[in-house]
Amino acid sequence: MPQSSGIPTGMNHDRLSPSEPPHENEASVSRRSFLRSAGGALAATGLSAAALAQQTKPNQQDAVDLPPLHAATEGPEKTPAPSESQPQRTGYAVVGLGHLSLGEILPAFGKSKYSRVTALVSGDRAKAEKVAGQYGIKSTSIYDYRNYEQLAQNPDVQAIYIVLPNSMHAEYTERGAKIGKHILCEKPMATSARDCERMIAACKSANVKLMIAYRQQYEPNNREIVSLRKAGKLGALKSFVASNSQDQGDPDQWRQKLALAGGGCLPDVGVYCLNAARFLSGEEPSEVTAFTYQPKEDPRFREVEESCTFMLRFPSGFLATCNSGYGAHKTQFMRLEGDRQWAEMSPSFAYRGLRLRVNRVEDGRTVLVEPSIEEKDQFALEMDHFSLCVQGNLQPHTPGEEGLQDQRVTDAIYESARTGKTVRIAPPSGPTRGPEPQEQS
Ligand code: NAD
């Protein structure tokens, strides 16, 4: 789905998705019988046996010895122990077991290189037990929202991945930082600039890292556009056009509650257009003009807007026009136009299947090039970037300051829509992004 897109509507926050196979509480069964019974579920989630072995720290006494394959005259083959030749993996507690965690984040650990899931935080113990069984997480590493601080005593957890409704991000970041854990927090960072600032301050004072999970900034097609821009191939940037819309279902879900979501389509899906306009151009907007539409007679939009269109002006003369919606058929595209080339993605913003095309003139002829770029799991890339930052004490590429700047622009967008006036946006007080992420194989 698009961030939230693709998410089935009519959801129940405390239910596993119907596609998940039913499980007994498997935390108490032996590792071997667990492997036998959970094999199908592991395959379905993309978690390899090697990844599982890594997560469960296999007991050597339980190791399987096979008879020698070769004659005694042949030298024995050295088989690495499960713990050998494996990169170091940062252990994560995933907080909130909703659609994104179950559908994307937990499976992505199976594709990651430097990250593993070692704990779960959920208000629903039975659901958490089932998920723990699927992913080889100890049942003693399941927590709820009240005993969250007990994560402090879990040596397998170095980082916390917050995947809760938007307005809860600030509280769980502050509480997580206070117990000394590094924080990876879903977008949007929070629902007010004040909360974003609190989160940054809490992580600074606890000396832990804070990264906002802007997966598209780690995605190879987006990285390619940034490279083209940095190499000057696009020429002078002129305009950016983007749309990210989906048709919402259940009017009772938290996304339609102002206090939990902080807005409607804008903070949920429009933020992808906003963030892309900023990071693809490498510039910061100085003014915004915006319109929202909120048909209150539709039960989905009693509290939040259905549509939001905003235009950003950048000091260089670059302009961005962005559209987001909660009532339109799913639309995901963007185009960055320079005076020498343009690059467009349709679809863009999605988890998979992104398609990049670049248009330029070669030998007097206009050509449309589709670069061949290998698809990679965006969540695995993003988590691995954060894990390497934690392991190497490096600054994340998308720290809290990046989320704060999006929130400041979001506030200006709402102000413009409310007042019908163009609103000026102060430049950020310093850089909002850390060093470019390293390519990961
Ligand atoms: P969801 O509703 O499916 O899951 C939310 C989880 O929070 C559920 O497990 C729910 O039980 C729990 N929860 C705890 N307290 C709650 C409360 N008071 N009200 C409602 N739920 C409560 O939502 P989701 O789609 O998983 O989204 C979670 C976060 O992830 C949001 O911040 C969203 O913006 C973000 N997200 C990001 C992407 C992306 O591509 N990066 C995609 C989807 C969602």
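Each value in this text was obtained by applying a stated rule to the coordinates, not by laboratory testing. Quantities reported herein were computed from a predicted structural model and do not represent experimental measurements. All Cβ positions, even for glycine, are placed from backbone atoms using ideal geometry, and neighbour counts span all protein chains on display.
So the values come out like this:
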| item | result |
| --- | --- |
| For residue 143, distant residues with modelled amide H under 5 Å away | 120, 121, 122 |
| Ordering of 384-397, 401-414 by packing [mean C-beta count within 10 Å, highest first] | 401-414, 384-397 |
| Local net charge near residue 404, Cβ-Cβ under 14 Å (Lys/Arg +1, Asp/Glu -1) | 0 |
| Sum of side-chain charges, residue 111 neighbourhood, beta-carbon under 10 Å (Lys, Arg +1; Asp, Glu -1) | 0 |
| Contour minus Cα-Cα distance for residue 201 and residue 238 (0.36 nm per residue) | 9.7 nm |
| P(r), alpha carbons of segment 321-441 - 5 Å bins starting at zero, rounded % | 2, 8, 12, 13, 17, 19, 15, 9, 4, 1 |
| Binned Cα-Cα distance frequencies in segment 120-202 - 10 Å width, integer % | 18, 48, 28, 6 |
| Over 24 Å (Cα to Cα) - which of 130/376; 111/138; 113/233 fall in this group | 130/376; 113/233 |
| Fraction of alpha-carbon pairs over 19 Å apart in segment 249-374 - percent | 57 percent |
| Across 178/204; 209/257; 257/296; 330/421; 187/421; 181/204, pairs whose alpha-carbon gap is larger than 18 Å | 209/257; 330/421; 187/421 |
